Each structure stands twice: as structure tokens, then as C-alpha cells.
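Here the structure comes first, spelled out in C-alpha cells, and everything after it is commentary.
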Amino acid sequence: MTRSAPRTRSDFHPGPLSPGAPMAQAETILDISDVSFSYGSLPVLRGLNCRVRKGEFLCIVGPSGTGKTTLLQCLAGLRLPTGGSVVFNGKTVTEPPAALAVVFQDYSRSLMPWLTAEDNITLPLRSAGIDRDTRRERALRALEEVGLVGVEKKYPWQLSGGMQQRVAIARALAYQPAAIIMDEPFASVDAQTRADLEDLTLRVRDHFGITVVLVTHDIDEAVYLADRVMVLSGRPATVADLVDVDLGQQRDQIETKAMPEFARLRSHIYRLIRRPAKGGVG
Amino acid sequence: MSGKGRNGVDVPGRILGFLWNAWLPVVLLCAIWFASAGSQSFFFPSLERVVAATWQIWFAGGGIVTDLVPSLMRLLAGYAVAVLAGILFGTIMGLVPVMEVAARPVTEAARAVPGAALLPISMMFFGTGEAMKLSMIAFISTWPILLNTIEGVRSVDPTLRSVMETYHIRPWHRFRYGFLPAAAPQVFAGARISFAVAVAVMVIVEMFGTPGGIGFFIRHAQQTFQVVPMWTGLVMLGFFGYALNLLFRVLEKRILHWHYAMVAHSQGGQQ
């Protein structure tokens, strides 16, 4: 097995975002406009609006059963909203957009157990008609990026849960999308692995200037990761608030979470989410 | 179980497994050998005579080439059609629930009709030659693999479907790397039943069709009162079935190696 030579950051993904670029001036990559969704006569989402900027890290947070996953499926083109529209890269989403990668919650079901880690990562590239050498190189780099070296010939079930989710993230990275959508990606791993994967996601985002939309029910996780948090609450779910998170570019599991601003945002979101339940809506 | 080597091959376990497999046939053979020794019965000749005649007719006399190989070819040709048709239509019906629902009365009815009952109809359309034999083997052994493929494809995880959609996996790749391997354990279970059915149908169509093949040999021997050769045909059929079954298992282990390794892995992880 040959190890690839050291390389610069920029040759993996074009156009890394310069750190500290003014977010407010960046163009919109994902426009959620007046999105509603009903399962038959049961309304789940009502009039959601949000413009996700290029390179932004948006977390969508809300209690279980608020329709977070439904929203994510609308964004990924796996479902069509019953009202409003989702525009990605200037095009209305009617099917999964090609420049979008999705990381699912359940890694054990999103990876193919009959393919090795490498083959799992390269299958989308193969379908895109990318040649064998480039596929392999991209897979190995993506694996290195997520901190997995030497596991490319392993099957997913030979890896721990955290490692499997890393493979799923590597698959998304090797696909070189403009944006990654993540559906509660760290919900099925232990706390330490979860913290590691959170930092990995932040590092990858910084590295490639990629736009990330991450769905979670964990308020701490949302605040820790996000540039902006979309708070969903109520039935049907509406946007209770879009909270700007001003905790700087560099986050740290201990220091960031000890900041007064972190605590303030955390309680602010917590109150927003709890409010409808106190009123006894049902 | 102890004695597991580094490469995962459990050598003492394998030998033990083989002995455990072999004890009953060995005991039965010995019992028949001694019980039938010196038999004067016309219908139940001694095993000694049957074994000697088996050697004479099938091995020394070239019966394997003239009667067994044609049967084997017929079986494999008919079975191959059944496997391909079963997987193809099973996948389509598994992917498109509407089609499965629309076709269900037909598949259920066709499965319920005993294969042998189709013999007169098939003879009416195709005569008694190869066309009848092959179509019977193919048609009747299609059903188990078809129904299992439908089930296997239908039960593919929705998450995996979403993955293939969002990553724009090509239709052929979805089939080859997604639905087919996901359904493979169930497809194989169906294929094994189909195979047993195919062997049975092969023997029956040969008994009723034009001369040739081991089925015809057995029936012809019986009708001409050659009782010892008739018994040798049954002995060969037993060997034949056993050998093909072994081959089948080797093939299954190869293709589903990931499945067996995964199962072994998860069981090993629980101790």
C-alpha cells in the first residue's frame, strides 16, 4: 500500500472559505421559502423561512417529533414540500440535487455492509463516471480527513459506531458537494465519540468552506456547532427564532461551552422550545 | 468451541462436523449391506450387487457420459433460466409494489399448482422433446426464487434507498451494489428451494419424455425388469444430488461471504 505524498489543503476541494470571511455578505446557497408540509390532513411544518448563506453552518433544533427530519427530507429533495419551495444553488429542488450530500443518522443502515469502506465511499463517484485512480485517491484523502487511515479495506461492521459514521462523513466529503445535510448524525454514538465527531465536522467545514445544515434535538450541540440556529417548535412546527451564534470561528469543547454567551444562547433556545408545551398544546 | 485458528478456521470443529454429518449414512449403509447380503429377492438385490453394477454401468460402462451428463446439462440450462427470470422479475416486482399486487393472484396460483400437473399441458404444446423438458424445469423452479427475490428487494432498508437517491447512484449500480446484495441472502434461500424443485422436475420430465437422461434410464430399467440397473440409477441420483448440493453451498459461501462474516462478527462481539 502506498501512502500519498503530503499536499496542500486546497487541492482536495476548490475554493476554501478564508477564515473570518464576512458571512452576511455571502450569497444564498439554500433558500427555504414559506415551506409547509402535511402528511395528508395532518400539518407538520408551517411557513418556514430561512436563507442559508454559502459556507454557513446552520443547525435546525427542535424537540423530537417536530418534523425536523421531514424538513431535512424536503431540503434534500427526498420529499416535496406541500407548500412553498426550496431553492438550492439557484434551482428549485424537485429531486435530490447533485451538489448536495446527506449524512444519515443511522450509519449502520446508510453504509452497505457488503462493500468495504473504500467501495462505500467510491460508489457515488463511480456512478458519476469518475475514473478509478481519482476515485481511489479521493476516498483515501477523505478517509484521512476524517481521521481514518488504513481502514479502507475493512467492512463497515468491522468498525465501531463512531468510525462508521466517519466513513459516512468521508463518503459525503469525497463526493465534493457544495453543501452537506446531516440528520442527527451523532445521536447513536457515545458522548466522547460525539464530541470528537462534532469537532471533526467543524474542522472539515473550516477546511473546505462547505455549507452544513445539521438537524439535532440537542440544544448544546446546536449552539456549539452553528453559525445560526433555526429553532422549530409547535405543532405544526414553525420557526420560533433564527438565533445568530456569536461564539467565534474557533470552538472548543471546554472553553466555548464555558462562555457566558453560550449559556445565554442555550437558555434562550431552551425557553423557546419549552414554551408551547407549557401552554398544554395538544 | 475451542481450537479456533488465527485465520478463523476451526479445524477440530470441521472434522467433528464432518463425522457428525457422516455417521448416519455410514450406519445405514452398513445395515443395508449386511441385511441384504446374499438376498435372493428379485426386487431387493443385495447392496453388494448394486454397488458392483453401479461401477459397471455408470463408471466403467460410461453411463455417466451417456446418461448423467445430458441430465446435468438439461438441469443447469433450465435452472439458469429460472434463476435469471426469478431475479429479474422478482426485482421489478419488489421495486414496483403496484406490479407485485397486480401479479399476486397469478404468482400465488402458479405456485400452488403442483408442477407435475403441468406435464400433460406442456406435452400438448411442446411435444416430448427437449423443449418440453427445459420449459418444465425452468417454469416450475422459477417460483420459489421469484417470490423470495420479491420479499428480499421489498425489505431493503428505506435509509439505503435514500442514500442511493441522494448520491445519484445509477440504476444499474443500484441493482448491482444495492438491491441485489441486500436481497442476496433471501435470493439464495429461494434458489436452494428452486434447485431441489428443478432436480425433481428433471427426473419426472425425463421419465415421460423422449429417451435420454437418468430419469429415462431408471424408468426404462424398471419397465424392462432390469431391477439391479434400476437401483443403480437411484444410487447415482443420490450421489448426484449430494454433489450438486455441496457445490451450491460452496458457491453461496463465496458470494455471501460478507453476510456470513458479518453474522459471525456480531455473534463474536456479544460474548
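The values are calculated or read from the model by the stated rules, or taken from the named source; none is laboratory data. In this text, all values refer to a predicted model and were calculated from it rather than measured experimentally. Note that each Cβ is placed from the backbone with ideal geometry, even for glycine, and that neighbours are counted across all protein chains shown. Accessible surface is based on the protein model in full, side chains and every heavy atom, while ligands, DNA and RNA are left aside. Shrake-Rupley method; radii C 1.70, N 1.55, O 1.52, S 1.80 Å.
Overview of values
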item: Distant-in-sequence amide H partners of A:Arg53 (H built 1.01 Å from N, under 5 Å); result: A:Ile29
item: Calculated FRET efficiency for the pair B:Ser36/B:Val96, C-beta based, R₀ 41 Å, to 0.05; result: 0.10
item: Whole-number Å³ per residue for the convex hull built on Cα positions in chain A; result: 138 Å³
item: Protein-only accessible surface order, largest first, of B:Asp157, A:Asp131 at 1.4 Å; result: A:Asp131, B:Asp157
item: Stokes-Einstein D for the protein assembly as shown, Kirkwood Rh over Cα pairs, 10 °C, 1.306 mPa s (µm²/s); result: 56 µm²/s
item: Label-point separation in nm, B:Ala109 to B:Tyr260, each point 7 Å along Cα→Cβ; result: 4.2 nm
item: Hydrodynamic radius (Kirkwood) for the stretch A:100-217, which is based on Cα pairs only, to one decimal in Å; result: 14.0 Å
item: Computed E for B:Phe59/A:Ser64 - FRET, C-beta separation, R0 60 angstrom, nearest 0.05; result: 0.25
item: Cα-based Lys pair tally, the protein assembly as shown, threshold under 22 Å, eight or more apart or on separate chains; result: 7
item: Separation between Cα centres of the stretch A:154-226 and the stretch A:61-102, rounded to whole Å; result: 19 Å
item: Nearest-0.05 FRET efficiency for B:Ala189 and B:Val11, computed from C-beta distance (R0 35 Å); result: 0.75
item: Rounded accessible area of A:Thr201 (nearest 10 Å², 1.4 Å probe); result: 10 Å²
item: Relative pair counts by distance (%), Cα atoms of the stretch B:49-266, 10 Å bins; result: 8, 28, 29, 20, 11, 4, 1
item: Gyration tensor (alpha-carbon) shape descriptor, the stretch A:82-145, a/c threshold 1.5; result: prolate
item: Nearest-10 value in Å² for the accessible area of B:His257, using the 1.4 Å probe; result: 90 Å²
item: Accessible surface, the stretch B:143-237, averaged per residue in Å² (probe 1.4 Å); result: 40 Å²
item: Area buried, chain A against chain B - accessible surface, total, 1.4 angstrom probe, square angstrom; result: 2400 Å²
item: Whole-percent carbon and sulfur share, accessible surface of the protein assembly as shown, 1.4 Å; result: 62 percent
item: Per-residue SASA entry for A:Asp220, accessible area with 1.4 Å probe, Å² rounded to 10; result: 50 Å²
item: Expected 222 nm ellipticity per residue - DSSP helices of 4 or more, -39500 (n - 2.57), all of chain B, to 500; result: -25000 deg cm²/dmol
item: Coarse-grained scattering of the stretch A:171-265 at q = 0.25 Å⁻¹, given as base-10 log I(q)/I(0) from a Debye sum over alpha-carbon atoms; result: -1.52
item: Average accessible surface area per residue within the stretch A:40-135, 1.4 Å rolling probe, Å²; result: 40 Å²
item: Cα-projected label distance for B:Leu251 with A:Glu27, points at 7 Å along beta-carbon direction, nm; result: 5.6 nm
